Structure formats: structure tokens, C-alpha cells
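Undergrad: Let me begin by handing over the structure; questions about it come next.
The values are calculated or read from the model by the stated rules, or taken from the named source; none is laboratory data. The model shown is predicted, which means the values in this text are computed figures rather than measured ones. Neighbour counts run over all protein chains shown; Cβ positions are idealised from the backbone, glycine included.
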Amino acid sequence: MTATIPEPHVLREYALLADGQRGALIGPRGDIAWMCAPRWADDAVFSSLIGGNSVWALTPVARFVWGGHYEDGTLIWRSRWVSTEGIVECREALAYPGDAHRAVLMRRVMAIRGEARLDMNFRPAAGFGHDQMTHLTRDEQGCWHAIAGDLRIRVSGAPGATPAHGDGGSALHARLVVPEGGTHDLVVEISDQPAEGRLPNPDMLWESTENSWRRAVPAMHASNARRDARHAYAVLRGLTTPAGGMVAAATTSLPERAEQGRNYDYRYVWIRDQCYAGQAVAVDGPHPLMDDAVAFVTDRLLADGPQLRPAYTIDGGVVPNQRSLHLPGYPGGSDILGNHANCQFQLDALGEALLLFAAAARHDHLHTDAYNATVAAVGAIAQRWQQPDAGIWELDNRHWTHSRLICVAGLRAIAGQVGGRDGGRWSGLADAILASTDDCVHPSGRWQRAPDDSRMDAALLTPALRGALPARDPRSLATVAALSADLVDDQFVYRFRHDDRPLAAAEGAFLLCGFWAALAHHQLGDEVTAMRYFERNRAACGPPGLLCEEYDVEQRQLRGNLPQAFVHALLLETSLTLGHPSGGQVSGEDSGHPIQALKESL
């Protein structure tokens, strides 16, 4: 094989194509470097991102600079290359909505100015690059057919491609030449079933995909950043299966910090993340993503009750244990499949489920099954709230303050919606849990991580945000002030201090926490500071507008799996919330503001 596998790029340069069943990452050289097939947590068929021997690259021949954009409210990406020969664009998408058994990748080359010349290197390999493409043949219609592992492949639009054989498999190479003003379509189908007899019509595929995205993404007129809000919703929509489960990210094994090599597999559904997404969407209205979240969480609570797991497969199954593929991995990391969270208990997920159900109830979308799941969640909290848990950051089992307070918030929220005898009992349980947290108050008056851990934690902003106690409760005010004094660097927020090292020496800033900080200041009427946090954190992305979990403040790089769903959920919620006046009083520049006064006292 003559063409080489492109080297990986920094994460901020990758765009996401997704159809609800799987996702693909495409880099600036037109290289689709990642896609699992047929579905999210199946083996990757393009895996050069983590060192696998598989890719589909469509790259200009001439020297070029790269750019691109998403078509508004869609995950249809337009790669754009300005070269020494002219300008060429490539419209890229997975046919939407996706089929569970068949991925359809569409690429339309458009010669904007001058003749477009691009080289194609099509080298899929199932099993994360281990099962190369074989049995490559061309039919009478000019389509190529092949097998990779258990997958069947059909390529339309490259009848003149040249097969290359070696390394135990095959590849297709082609030089595409498109006259100025012309277009050329390529369609690749990857399926675990035999290919359909009729060839896909590119025009019909594009029209169907455009119309489906147009129907799927709401207008979001209430947002203060409408384009980014619609993009966030599109990302969440693309990560959500037709059955309602939303994967936490499209990828696995992308390190959260290059020097640390922490790697996780996020191609599964986290209950907490799904609740975050549903609550965010509910700020704007009862959109389908809210109902999807309610449906998935309902099913899991009815099935598992007090044994609710933190994460599930998209079908509601058990997340596999961690293992390695023995690939090189993304630079700075290593390859990991499965997730250790499958064995944890995370108490706060039960509280988040109640907050989600309360949000649905406000829109009159809490159906009978969801109400039964609500009862199950309350029962699980009553049974387990005094037990140690792994907490929001999935650490060692302790009596985490955040976990208990989020249960208080969830109980108060749902009690306020249902009223009556149930509401009264649930409010009483919330009072009892809150009373138990007296040993979680730091001597300075703020919340601390746990009775035996006096450190500040950014997650402790959320109890006041979600209604566990008032925003102007002295403990809430002191917590916001302590965060500003201890965990913030240039409006980027870290989770907590690991040790005596500078914040950036231990890990990256957490973009989720930056949006929490924006919401907290907005809640207190400090609109100027709220907007600073919001604008700083939403601008951490690259040209495709995607965000990971962490941001390396010093190197200005994204870290972790891409895109991280809960970050986009909080971006969406923050943009919608900041679009409405808070009813607060003054900005943070006023020395009379309670947060400013507390900061000065710390």
C-alpha cells in the first residue's frame, strides 16, 4: 500500500459527524480518523486517531490551508481548503437519522474556484485496525464491495479507483479531479448486514439528511448565543440514539491531560450526563431530547432501582470492564475499552434523576412510568443516602457533600411538582439529609468536599443552582466566593486542588465547572461576571465548535474525549439561562456585592 496513515491532529481541529447510532471524527486533512460500526461502542472501523491502521482520507493535492464550518443547526460539516490551485470544499455527513445496522458516510467535493484535485486513501479495517479490508471487487455499476471482519462495505462514486494489496488487506486509492463549479459525490456504506441491491442516490440522501436535521433542532430564540445553542443541541442530538440513550462522548482513550495519561472510554450512557442534557433542554421547552432523557432514565430506574448503575450501554446493558487493545493510542495516552465506573455507586445520579423528572413535570411530560421511576428513585435515596459513594468525579467511596446535597435538591424539586402526601414525605426526607450535612461546612462558612476533606470543590456550586438551599444562604455565598479565590484561573475553573502544586500542574480546567460558575453568578445578579465565565469557556473550542471535558489553560488545548456531552449540555443551559434577566441587583464590580465582600475576607 502506497498511501500512509495521517498523523493525529490536536483535538480542537476535529469535526464530528453523527447520526444517533455512531459518530465519526474528521480532521483538517480530510481524514476520517475515527468511527465505530455499526454502533457507538462497537469496534472502530476507522481508528488512526488512536494508532489503528485504518482511515478514509480525502486530501487536496496542492499545498493548502484548512478551515470549515457546520451548516446551521446540523452536524453537516463543510471542510474548506484554500490551496495554491484554488478553493475546494467537501460537504461531509453521516446520513441522518442513522440506521442501527448500516452507517452511510456521504462526501460531496465542490470545486469552488479553480479545478479541484484530491487524493483519496480509503483503508477501513474492523476491530480497531486489526481486520483489514479483503475480498475487494468492483461490480458492473462501478461500485466497490469488500469485507472487513464481520462488516460489509460498499463504495459508490470511485469507479476508477486503484486497489492496493498488502499487509494482509486491501485499500483503494484514487485521484479525483473536479472542474471549477462542479461537484463529485462519494458514498460509503458500512454494515453488519448484506448491502441493499439498489445504489443510494446522493441527492436524495442529502435532501433527507438536511430535512431531518431541520426538524430535529429547535430555534432556541431565547438563547443569548443562538448559533452555539443550536450547535450544542445538534451535538447532543447526534450523540443520542433513537431509543433515548445519549453517549457521554463519541470516542475512547483520548487523554485528559497529556502528561498524566488518564484515559477513559466514554462511548456509553452516563445517567448523570443524560440528566444534565434533559434539564438543559427543558430550560427552553419540552423538546424531544428531554423526553429521550426521561425515557432512558425511567427504564433504568424501573429495572434497577437502588442498584442503579452510573453508566450503561446504549441498550441499557452493563458497561464492560476495562481492557487494552495494545495499540499506540493517541499521543500522551493509551488505548482503553470499557469503564471502571460499571462497578460504582454514585448517589448524586439519583438526585439528578429527580431533577430531570421535575423539569419534565413542569412541562407536563411526567407520564405514569416516569412517576413510578420517581418513586423508585426516592426509595433508593431513602435506602442509600447514608452510604459512602464514588461521587460526581468517580473517586474513592466517601460521604461526599455534593452527592447528598444534590439528592436534597432533587427531592425538593420533585416534591414541589407533585405536592400532596408524597410531596410532604419527600420534602421531609430532603430536610433530614440537609440536616446531616452540618459536618460538611468548612470553618470559613463554605461547603467542603466531605466531612473528612476540607477542600473546596467546584461541584459544590450546584446545590444552590438546583434549589437544595437558597442562593443567598451564607453557605452558598461563601462557596461561590471560595471558588473564585481558590479554583479560578482567568475565568477557567478547576474541579478541586489535588495537592500543593499549581492548579494547572495537576490537571486541566473543567469546562463544565466554568459554566456552573457562570450560572452561579447569574443567579446572584452578577451578570458581568456570569458573562465573563460563559464567554471564556465557550470560546475554548476550535473551528468546529466542539468541547472536551478539560481545557489546558497554559497550552490552550482541549484534553479528553470528544465531544463531551455534558459540557455541551451546560453550554446550552447557560446560554438559555443567561438569555433571561436574573432579577439580581448589581454587578461583581460593585464592592458592595456579597461575593466581592466574601472574596476580600478570604
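Undergrad: Among the listed residues ILE433, ILE381, ILE406, ILE392, which satisfies the condition of being more than 26 Å from HIS340 (Cβ to Cβ), assigned by TED's automatic domain parsing to the domain that holds LEU347 and β-branched (Val, Ile, Thr)?
TA: ILE433
Undergrad: List the residue pairs whose Cβ atoms are under 6 Å apart, where the first residue sits in region 314-332 and is touching a residue at least 60 places away in the same chain (Cβ under 8 Å), the second is among the polar types (S, T, N, Q) and surrounded by 12 or more Cβ atoms within 10 Å (Cβ to Cβ), and the two are 6 or more positions apart or on different chains.
TA: Cβ pairs passing all conditions: ILE314/THR241; GLY329/SER253.
Undergrad: Could you grab me the full set of residues in region 387-411 that are buried (at least 17 other Cβ atoms within 10 Å of the Cβ) and polar (S, T, N, Q)?
TA: THR401, SER403
Undergrad: What tally of residues in region 118-130 results from selecting those that are buried (at least 19 other Cβ atoms within 10 Å of the Cβ), modelled with pLDDT of 95 or more and not aliphatic (A, V, I, L, M)?
TA: 6
Undergrad: Scan region 139-176 for residues that are touching a Pro at 6+ places or on another chain (Cβ under 7 Å) and either buried (at least 21 other Cβ atoms within 10 Å of the Cβ) or not in a loop (DSSP other than H, G, I, E, B) (or both) and jot them down.
TA: ALA148, ARG152, ILE153, SER156, SER170, LEU172
Undergrad: What tally of residues in region 1-41 results from selecting those that are of a type outside the set (Lys, Arg), over 20 Å from LEU327 (Cα atoms) and assigned to a helix (DSSP H, G or I)?
TA: Of the residues in region 1-41, 1 are of a type outside the set (Lys, Arg), over 20 Å from LEU327 (Cα atoms) and assigned to a helix (DSSP H, G or I).
Undergrad: Let me ask you something else. Looking at region 226-285 only, could you name the residues that are in a loop (DSSP other than H, G, I, E, B) and of a type in the set (Phe, Trp, Tyr)?
TA: Result: TYR264, TYR266, TYR268.
Undergrad: Something else: Filter region 286-311 down to residues that are among the aliphatic types (A, V, I, L, M) and not in a helix (DSSP H, G or I) and give me whichever is surrounded by the fewest Cβ atoms within 10 Å (Cβ to Cβ).
TA: LEU308
Undergrad: For GLU189, state whether it is assigned by TED's automatic domain parsing to the domain that holds LEU75, of a type in the set (D, E, K, R) and either surrounded by 21 or more Cβ atoms within 10 Å (Cβ to Cβ) or within 22 Å of ASN537 (Cα to Cα) (or both).
TA: So GLU189 passes the test.
Undergrad: Further question: Would you mind finding the one in LEU562, LEU547, LEU512 that is crowded, with 20+ Cβ neighbours inside 10 Å, outside any loop (DSSP other than H, G, I, E, B) and modelled with pLDDT of 95 or more?
TA: Of the residues listed, the single one that is crowded, with 20+ Cβ neighbours inside 10 Å, outside any loop (DSSP other than H, G, I, E, B) and modelled with pLDDT of 95 or more is LEU512.
Undergrad: Is it true that GLY73 is in contact with a strand residue (DSSP E or B) (Cβ under 8 Å, 6 or more places away or on another chain) and touching a residue at least 60 places away in the same chain (Cβ under 8 Å)?
TA: Criteria not met by GLY73.
Undergrad: Could you tell me whether region 83-96 includes any residue that is under 29 Å from ALA243 (Cα atoms) and over 21 Å from the mean Cα position of the chain (by Cα)?
TA: yes
Undergrad: So, one more: In region 480-497, what residues are out of contact with any Phe, Trp or Tyr (no Cβ under 7 Å at 6 or more places or on another chain), free of Cβ contacts under 8 Å to residues at least 40 places away in the same chain and crowded, with 22+ Cβ neighbours inside 10 Å?
TA: LEU483, the sole residue that qualifies.
Undergrad: Would a scan of region 236-257 turn up a residue that is within 29 Å of ASP299 (Cβ to Cβ) and either in contact with a His (Cβ under 7 Å, 6 or more places away or on another chain) or free of Cβ contacts under 8 Å to residues at least 60 places away in the same chain (or both)?
TA: Scanning region 236-257 turns up at least one residue that is within 29 Å of ASP299 (Cβ to Cβ) and either in contact with a His (Cβ under 7 Å, 6 or more places away or on another chain) or free of Cβ contacts under 8 Å to residues at least 60 places away in the same chain (or both).
Undergrad: Against the definition (aromatic (Phe, Trp, Tyr), surrounded by 20 or more Cβ atoms within 10 Å (Cβ to Cβ) and within 26 Å of TYR551 (Cα to Cα)), how does TRP40 come out, yes or no?
TA: Here the answer is yes, as TRP40 does meet what is asked.
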